[in-house]
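Student: The structure is given below, and queries will be raised subsequently.
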Amino acid sequence: MSTDTVIKTPAPSTLSAARLPRWAPLVVALGSAATAVAIGMVAGLHSRLQWGMIAALLFVVASYVIAARVEGQRQAKDRLATSLVWVAFLLAIIPLASLLWETVARGSKVFDMYFLTHSMGTLGDREVGGGIYHALLGTLQQVALASLIAVPIGLLTAIYLVEYGRGKLAKVVTFFVDVMTGIPSIVAGLFVLTFWILILGFDFSGWAGAMALSILMMPVVVRSTEEMLKLVPNELREASLALGVPKWRTILKVVLPTSIGGITTGVMLAVARITGETAPVLLVVWGTNFINTNPFEGAQSSLPLYIYQQYAAGNSASYDRAWAAALTLIGFVMILNLVARGIARWKAPKTGR
Amino acid sequence: MDISTTKAPPPTEPADARPPADDRRKSNSATRPGDRVFLGLSRGSGIVLLTIMGAIAAFLTYRTVLALSDNSGNFFTTFEWDTAATPPKFGIPVLVFGTVVSSIIALVIAVPIAVAIALFISHYAPRKLSGPIAYVIDLLAAVPSIVYGLWGALVVAPHLVGLYSWLDDYLGWTGIFEYSGGAPRSLMTVGILLAIMILPIITNVSREVFLQSPKMHEEAALALGATRWEVIRMSVLPFGRSGVISASMLGLGRALGETIAVATVLSPSFLINASLLDPGGGTFAQNIASKFNEADEFGRDALIASGLVLFVITLLVNGAARLIIARRKEYSGANA
Amino acid sequence: MKLQRMNRRALTLGALTVSGALALTACGSDDTTRGGDGGEKTVANSNIKCDEAKGDIKASGSSAQKNAIDAWVKEYVATCKDARIDYNPTGSGAGITAFLQGQTAFAGSDSALDADEITESKKVCKDSQAVNLPMVGGPVAVGYNLPGVDDLVLDAETLGNIFNDKIKSWDDPAIKKLNPDADLPKLKVQSFHRSDDSGTTDNFTEYLNTAAPKAWPYEPAKAWAGKGGQSAQGSSGLAGQVKQVEGAITYFELSYASSDDIPTVKLDTGAAEPVEATVDNASAAIAAGKVVGKGSDLSMELDYATKADGAYPIVLVTYEIACEKGNKAETLGATKSFLTYMASEEGQNVLKANDYAPIPTEIITKVRETVANLS
């Protein structure tokens, strides 16, 4: 490779072509940013977003043109791809940053210990104060119960499909798992409402909500676990079986631990998904402003439902609460996600990569 | 599935005489009590899951039949949703249109960006950065859809006025990009929001696929003097193409069924508007959310019937994704 | 070895989670009173009779009366500590469905049960049927966003044309004629309506259809029947749009206007002075209506075309719906005592402070009689 850093003096070696110096992209980036600001000021564009777009466009075009002149067509295309990839990445960061910024800025107004440890109680929607304790507790309990139902069934089903399933039953189960991923969440809620509450005559409860949520959770668990189990090399199974270990112990002691990282990630993502569900909770948990620590009896609340209702109440006090609750919910899911990734990395099967 | 009898069992220490592994694998009838219990448990779970699904499917079909038998309009051609009228009249063409159009917009925007980000993480970003960046993208997947909805309505929509006016100025003649200056709460806005929502799913799956692309090919290409882009174009993208397609299908599945975010951002109507920038149209999930609260028993049945259509569409998407994934396996021959 | 270590770590994690959850359980509180802005401490109210009120009452329905119910529950629960009331603002239709399925003790609805629904209620109310009890009134305000115009007068005809997309600009002669002094901008009219079905839409379009049938030829319905215009989800969605979009006009319950400082339209009804959307003016209009329900049923017919002085005609009456006889034994006590409190003079007085209109004396007296006989 040539180590030339000056454009004007091409390397004498015939093997290396002309190269742009390593600082060239930076200079082009700064240059296009400055030009974009100038254009923006002159043309009187108010939106900073537009300035950014112009800068990105200038950067892509400029790096292509310069590279094409100095380094030739092939290198220029490479530069073009690189700058496009960078621009796409930065483009994706904008919405995330904006989303998080909005939530934090609007949510931190009333977010404090008082907010976390008090329910709404008898406070009206238009009054200042109140908190999310009842909703947080409801979400935690319902999600935990839903996971208790869905994770074992999902795991075992996936094990059946990958390790045992050959016949018709496996095919039918696979088909229905596919169908199940397409359930609109409100339909799961209606189903539990009809069977559990209207036909069987049980009361509204966190448990009923957990059942509806578990219906939404199961297909995600099955599919992700299935993929992870398929990644386990057959050599491991064969070695274990060859050593005379019974198949069930092979699965429990060899297959599952090998894929536990991926499985946990899948389960956590499923949990994250159901944590944000509003419709089933509204239909079968009922919602309340008071603390109910018993998920098996009486109405409970949940965070997404709380956000939805506070937003619908439509006044500044309730908007503040809605955003603060959204902040809590995102924080909760973020922590779960972090834990999931931690476990995944910590226990991931050691591959060659 | 290819876990079965590809290789002869490696030589084993015959601690005691057991039947070869192969035999046990073929026969589902487990020989030991432990095996029998475990097989029973896992098969039982499969059956439980099947029962639940069967019950839901039966429930949906039953209520759909109830609704459709009283519909005085044609379910597939009526541009109206009036379940309270006597006789009730409702149909889904607007919903099919809105759902499909908004999802396609979302895909058109999200797929290129997602592929670029996936490439960025797998091939461009500095090693130390790629982990945190992947986590940041994952965060987008974890944000609940109601928060997306609020953010979309309060923050994104007002920013789009400028863009839409610009589109109208230069592309208004096409008829698709006409903008008459209302609040930007159109299918286009929904498509943009959905694109942001499905970006992480597509990115994640694509990233995994790109990371699995054969290192030998890449190194061979590099050794022949290819640039980084040429390596990606010649060895990474062909390998990952079908993976990206199935990832997009997964994303499409989510876009089709999104409820609260769409209901908060869209200004729906039961007319099909040629322009994507003016309010109009609707989606299945949004329509269910908007009509459900005031619907009587029959109205709910009608909404469930529309839910069943969404169900069928989602199933088709899933089926297509599975087919492609299966094809990819044949192509790559990977023992994944 | 490795497996064991993992298990131990998993155990530690689990233990942490459980203890964390326990700690959380211990420190929560329903008591939201705190010094300053947390709301004043409510004390037991001697005018509320609890009788055998106990247990958890579930009710659902109209979101229009949510703030009123909030205020009532606050007073009521402070006195009757054994009772708990969970009112779910799911919308009138869902409230009626839930009530007819026997899920709730009472429903709140922006329109009275029709004949079919009353027949259907015989299943839930053994040997009896449901009654409509008008309990909360409220003006439906027409909010707008016009820079520089703080005072806007419109009549039914103009409103109908605006919402029907016939009047497209704010400097339209029809609007100018009604507002000779206002400096009307040349701005596009952007009318917003509810995208979800709603009792508010039902009442608003019934007003338009009654008072200006030519400008608004559509049958009143919960779903928006007009063509054109834009829409948003819920009254809060509408309020949000009006604040954001210049030239916007929409309708919502008065409380959304007052909590967001959105100016409201004065109506030229043919009375001496244009009437403003206020609680008192709404009460006056409700008084112009009459009870049309048979027996103990008290469903009302409102006079949307009233020309009485100081009567704001776009009003919404929310009914509580319960069984006349055959209410569930376990919830009857609390339901009856709560409804009694709502209909009492004190209960009705609570309404005004929350942007609602009390029900006129003549009608509320009948409501009290009916409630006293619920069983």
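Student: What's the total number of residues in region A:310-342 that are farther than 30 Å from B:Pro132 by Cα, surrounded by 20 or more Cβ atoms within 10 Å (Cβ to Cβ) and without any contact (Cβ under 8 Å) to a residue 24 or more places away in the chain?
Tutor: 2
Student: Might you check whether a residue that is farther than 23 Å from A:Ile93 by Cβ, hydrophobic (A, V, I, L, M, F, W, C) and surrounded by fewer than 19 Cβ atoms within 10 Å (Cβ to Cβ) occurs anywhere in region B:185-192?
Tutor: No, because not a single residue in region B:185-192 is farther than 23 Å from A:Ile93 by Cβ, hydrophobic (A, V, I, L, M, F, W, C) and surrounded by fewer than 19 Cβ atoms within 10 Å (Cβ to Cβ).
Student: Can you name the residue in region C:215-239 that is in a helix (DSSP H, G or I) and under 21 Å from B:Phe292 (Cβ atoms) and is also nearest to the other protein chains (Cβ to nearest Cβ) among such residues?
Tutor: If we filter region C:215-239 for residues that are in a helix (DSSP H, G or I), which is where we start, we get C:234-239.
Narrowing further to those that are under 21 Å from B:Phe292 (Cβ atoms): C:234-238.
Values: C:Gly234: 5, C:Ser235: 6, C:Ser236: 3, C:Gly237: 7, C:Leu238: 9 Å.
Result: C:Ser236.
Student: Check whether at least one residue in region C:295-308 is over 17 Å from the mean Cα position of the chain (by Cα) and of a type in the set (Lys, Arg), and report yes or no.
Tutor: Within region C:295-308 (the criterion being over 17 Å from the mean Cα position of the chain (by Cα) and of a type in the set (Lys, Arg)), the answer is yes, since at least one residue qualifies.
Student: Go through (1) more than 13 Å from chain B (Cβ to nearest Cβ); (2) modelled with pLDDT of 90 or more one by one and return the number of the condition C:Ile96 breaks.
Tutor: Failed condition: (1).
Student: Count, please, the residues in region B:271-285 that happen to be within 8 Å of chain C (Cβ to nearest Cβ) and more than 16 Å from B:Asp82 (Cα to Cα).
Tutor: The total comes to 1.
Student: Could you list, in sequence order, all residues of region C:349-375 that are crowded, with 24+ Cβ neighbours inside 10 Å and either farther than 22 Å from C:Asp127 by Cα or under 16 Å from the mean Cα position of the chain (by Cα) (or both)?
Tutor: C:Leu351, C:Tyr356, C:Ala357, C:Ile359 - these are the residues of region C:349-375 that are crowded, with 24+ Cβ neighbours inside 10 Å and either farther than 22 Å from C:Asp127 by Cα or under 16 Å from the mean Cα position of the chain (by Cα) (or both).
Matching residues to (1) out of contact with any Leu (no Cβ under 7 Å at 6 or more places or on another chain); (2) farther than 24 Å from C:Ala94 by Cα:
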residue	(1), (2)
C:Leu178	no, yes
C:Thr200	no, no
C:Leu208	no, yes
C:Trp224	yes, no
C:Ala232	no, no
C:Gln244	yes, yes
C:Gly247	no, yes
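Student: Every residue in region C:51-78 that is more than 12 Å from chain A (Cβ to nearest Cβ) and surrounded by fewer than 20 Cβ atoms within 10 Å (Cβ to Cβ), please.
Tutor: C:Asp51, C:Glu52, C:Lys54
Student: So which helices (runs of 4 or more DSSP H) are wholly in region A:178-279 and hold at least 2 residues that are farther than 30 Å from A:Leu329 by Cα and polar (S, T, N, Q)? Step through it out loud before you land on a result.
Tutor: Working: elements: A:185-192, A:206-231, A:234-242, A:247-250, A:256-275.
In region A:178-279, the matching helices (runs of 4 or more DSSP H) lie at A:234-242.
Student: If you check A:Val60 against the conditions, is it assigned to a helix (DSSP H, G or I), among the β-branched types (Val, Ile, Thr) and more than 30 Å from A:Asp320 (Cα to Cα)?
Tutor: Spelling it out, A:Val60 is indeed assigned to a helix (DSSP H, G or I), among the β-branched types (Val, Ile, Thr) and more than 30 Å from A:Asp320 (Cα to Cα).
Student: Scanning region C:278-304 for residues that are touching a Pro at 6+ places or on another chain (Cβ under 7 Å) and of a type in the set (Gly, Ala, Ser), which turns out nearest to C:Gly138 (Cα to Cα)?
Tutor: For region C:278-304, the residue satisfying everything is C:Ala282.
Student: Another question about this same structure. Would you mention how many residues in region A:189-218 are within 10 Å of another protein chain (Cβ to nearest Cβ) and touching an Asp or Glu at 6+ places or on another chain (Cβ under 8 Å)?
Tutor: Looking only at that region, the number is 2.
Student: Quick test of your reading of the structure: A:Leu137 fulfils all but one of (1) within 28 Å of A:Gly331 (Cβ to Cβ); (2) modelled with pLDDT under 90; (3) within 7 Å of another protein chain (Cβ to nearest Cβ). Name the failing condition by number.
Tutor: Every listed condition holds for A:Leu137 apart from (2).
Student: How do the pairs read when you match residues in region B:196-221 that are touching a residue at least 24 places away in the same chain (Cβ under 8 Å) with residues anywhere that are outside any helix (DSSP H, G or I) and of a type in the set (Val, Ile, Thr), using Cβ under 9 Å and keeping only pairs 6 or more apart or on different chains?
Tutor: From region B:196-221, the pairs are B:Met197/B:Val143.
Student: Does C:Asp127 fit the bill of being within 14 Å of chain B (Cβ to nearest Cβ) and under 30 Å from C:Lys328 (Cβ atoms)?
Tutor: Details: within 14 Å of chain B (Cβ to nearest Cβ): no; under 30 Å from C:Lys328 (Cβ atoms): yes.
So C:Asp127 does not fit the description; no.
Student: Can I ask one more? Can you find, within region A:130-171, the residue that is nearest to A:Thr181 (Cα to Cα) among those that are among the small types (Gly, Ala, Ser) and surrounded by fewer than 21 Cβ atoms within 10 Å (Cβ to Cβ)?
Tutor: Step one: list which residues in region A:130-171 are among the small types (Gly, Ala, Ser), which gives A:130-131, A:135, A:138, A:144, A:146-147, A:150, A:154, A:158, A:165, A:167, A:170.
With surrounded by fewer than 21 Cβ atoms within 10 Å (Cβ to Cβ) added as a condition, the list becomes A:144, A:167, A:170.
Values: A:Ala144: 20, A:Gly167: 22, A:Ala170: 17 Å.
Of everything passing the filter in region A:130-171, A:Ala170 is nearest to A:Thr181 (Cα to Cα).
Student: Take A:Lys77 and decide whether it is under 27 Å from B:Thr227 (Cβ atoms), modelled with pLDDT of 80 or more and out of contact with any Leu (no Cβ under 9 Å at 6 or more places or on another chain).
Tutor: So A:Lys77 passes the test.
Student: Can you tell me which residues in region B:290-303 are under 25 Å from the mean Cα position of the chain (by Cα) and more than 7 Å from every other protein chain (Cβ to nearest Cβ)?
Tutor: B:Ala302, B:Leu303 - these are the residues of region B:290-303 that are under 25 Å from the mean Cα position of the chain (by Cα) and more than 7 Å from every other protein chain (Cβ to nearest Cβ).
Student: Please count how many residues of region C:108-148 are assigned to a helix (DSSP H, G or I) and in contact with a strand residue (DSSP E or B) (Cβ under 7 Å, 6 or more places away or on another chain).
Tutor: 1
Student: Right, next: Are any of the residues in region A:36-52 in contact (Cβ under 8 Å) with a residue 24 or more places away in the chain and either among the aromatic types (Phe, Trp, Tyr) or assigned by TED's automatic domain parsing to the domain that holds A:Trp323 (or both)?
Tutor: Of the residues in region A:36-52, the ones in contact (Cβ under 8 Å) with a residue 24 or more places away in the chain are A:49, A:52.
Now narrow it down to the ones that are either among the aromatic types (Phe, Trp, Tyr) or assigned by TED's automatic domain parsing to the domain that holds A:Trp323 (or both): none.
So far as region A:36-52 goes, no, none of its residues is in contact (Cβ under 8 Å) with a residue 24 or more places away in the chain and either among the aromatic types (Phe, Trp, Tyr) or assigned by TED's automatic domain parsing to the domain that holds A:Trp323 (or both).
Student: Within region A:251-265, restricting attention to residues that are under 16 Å from B:Asp35 (Cβ atoms) and touching an Asp or Glu at 6+ places or on another chain (Cβ under 9 Å), which residue is farthest from the other protein chains (Cβ to nearest Cβ)?
Tutor: The first filter runs over region A:251-265 and keeps only residues under 16 Å from B:Asp35 (Cβ atoms), leaving A:251-256.
In the following step, the residues that additionally are touching an Asp or Glu at 6+ places or on another chain (Cβ under 9 Å) were identified as A:251, A:255.
On the way: A:Ile251: 7, A:Val255: 10 Å.
Across region A:251-265, the extreme among qualifying residues is A:Val255.
Student: Given the residues A:Leu99, A:Leu80, which is the only one that is more than 18 Å from A:Gly31 (Cβ to Cβ) and assigned to a helix (DSSP H, G or I)? Before you say what the answer is, go through the steps one by one.
Tutor: Details: A:Leu80 fails: more than 18 Å from A:Gly31 (Cβ to Cβ).
Being more than 18 Å from A:Gly31 (Cβ to Cβ) and assigned to a helix (DSSP H, G or I) holds for just one of A:Leu99, A:Leu80, which is A:Leu99.
Student: State yes or no: is B:Ile121 in contact (Cβ under 8 Å) with a residue 60 or more places away in the chain, under 15 Å from B:Leu252 (Cα atoms) and assigned to a helix (DSSP H, G or I)?
Tutor: Working: in contact (Cβ under 8 Å) with a residue 60 or more places away in the chain: yes; under 15 Å from B:Leu252 (Cα atoms): no; assigned to a helix (DSSP H, G or I): yes.
No; evaluated as a whole, the condition is false for this residue.
Student: Let me ask another. Scan region A:72-93 and tell me whether some residue there is crowded, with 18+ Cβ neighbours inside 10 Å, polar (S, T, N, Q) and not assigned by TED's automatic domain parsing to the domain that holds A:Val28.
Tutor: For region A:72-93, residues crowded, with 18+ Cβ neighbours inside 10 Å, polar (S, T, N, Q) and not assigned by TED's automatic domain parsing to the domain that holds A:Val28: absent.
Student: Out of B:Ile198, B:Ile176, B:Ile137, B:Ile146, I need the residue that is modelled with pLDDT of 85 or more and out of contact with any strand residue (DSSP E or B) (no Cβ under 6 Å at 6 or more places or on another chain). Which one?
Tutor: It is B:Ile198.
Student: So, B:Ala141, is that one facing chain A (nearest Cβ under 8 Å), assigned to a helix (DSSP H, G or I), among the small types (Gly, Ala, Ser) and under 28 Å from the mean Cα position of the chain (by Cα) or not?
Tutor: For B:Ala141, the condition - facing chain A (nearest Cβ under 8 Å), assigned to a helix (DSSP H, G or I), among the small types (Gly, Ala, Ser) and under 28 Å from the mean Cα position of the chain (by Cα) - is met.
Student: Could you list all residues from region C:316-336 that are hydroxyl-bearing (Ser, Thr, Tyr) and in contact with an Asp or Glu (Cβ under 6 Å, 6 or more places away or on another chain)?
Tutor: Within region C:316-336, C:Thr318 is the sole residue that qualifies.
Student: Scan region A:101-115 and tell me whether some residue there is closer than 30 Å to B:Ala118 by Cα, within 14 Å of chain B (Cβ to nearest Cβ), crowded, with 21+ Cβ neighbours inside 10 Å and under 19 Å from the mean Cα position of the chain (by Cα).
Tutor: Yes, there is a match, as at least one residue in region A:101-115 is closer than 30 Å to B:Ala118 by Cα, within 14 Å of chain B (Cβ to nearest Cβ), crowded, with 21+ Cβ neighbours inside 10 Å and under 19 Å from the mean Cα position of the chain (by Cα).
The values are calculated or read from the model by the stated rules, or taken from the named source; none is laboratory data. What you see is a predicted model, and the numbers here were worked out from it, not measured in a lab. All Cβ positions, even for glycine, are placed from backbone atoms using ideal geometry, and neighbour counts span all protein chains on display.
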